[in-house]
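> What follows is a structure written as C-alpha cells; I'll ask about it next.
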Amino acid sequence: MSLFPKPLSVCFLVNSGSEANDLALRLARNFTQKQDVVILDHAYHGNLSSLIDISPYKHDGAGGEGEARLRS
C-alpha cells in the first residue's frame with residue numbers, strides 16, 4: 001500500500017535546515033524553469049549563499065547592499 005502519490009515517492013535526507021531550504025529552492029527552480037521566488041519578510045531562510053540572496057533581512061537593513069540580484 002502506497003502512502004503518497006507516485007510523484008512524491010522520493011525522500012531527500014539533508015543535514016540542516018539551510019540544506020533543506022537550498023534543496024527546495026533548487027528543486028522548485030528546476031521544476032518550474034523559473035528563477036523568481038516569493039519569500040516572507042523577516043523570515044530566516046538559512047546561511048548558504050543561495051539563501052542569503054533571497055533573504056531581505058540580510059540586505060534591507062543598515063549596511064545591506066539593497067535588493068538582492070538572484071544568480072541563475
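The values are calculated or read from the model by the stated rules, or taken from the named source; none is laboratory data. What you see is a predicted model; the values in this text were computed from it and never measured. Backbone-built Cβ (ideal geometry, glycine too); neighbour counts: all protein chains shown.
> Output the qualifying pairs, or none if there are none: Cβ atoms under 7 angstrom, residues six or more apart or on different chains, first residue in region 5-29 and closer than 15 Å to residue 48 by Cβ, second residue loosely packed, with under 11 Cβ neighbours inside 10 Å and among the aromatic types (Phe, Trp, Tyr).
Taking only residues 6 or more apart or on different chains, the pairs are 23/12.
> Moving on. Give all pairs with beta carbons closer than 7 Å in which a residue from region 33-48 that is charged (D, E, K, R) and outside any loop (DSSP other than H, G, I, E, B) meets a residue that is modelled with pLDDT of 80 or more and surrounded by fewer than 10 Cβ atoms within 10 Å (Cβ to Cβ); count only pairs at least 6 apart in sequence or on separate chains.
From region 33-48, no pairs qualify.
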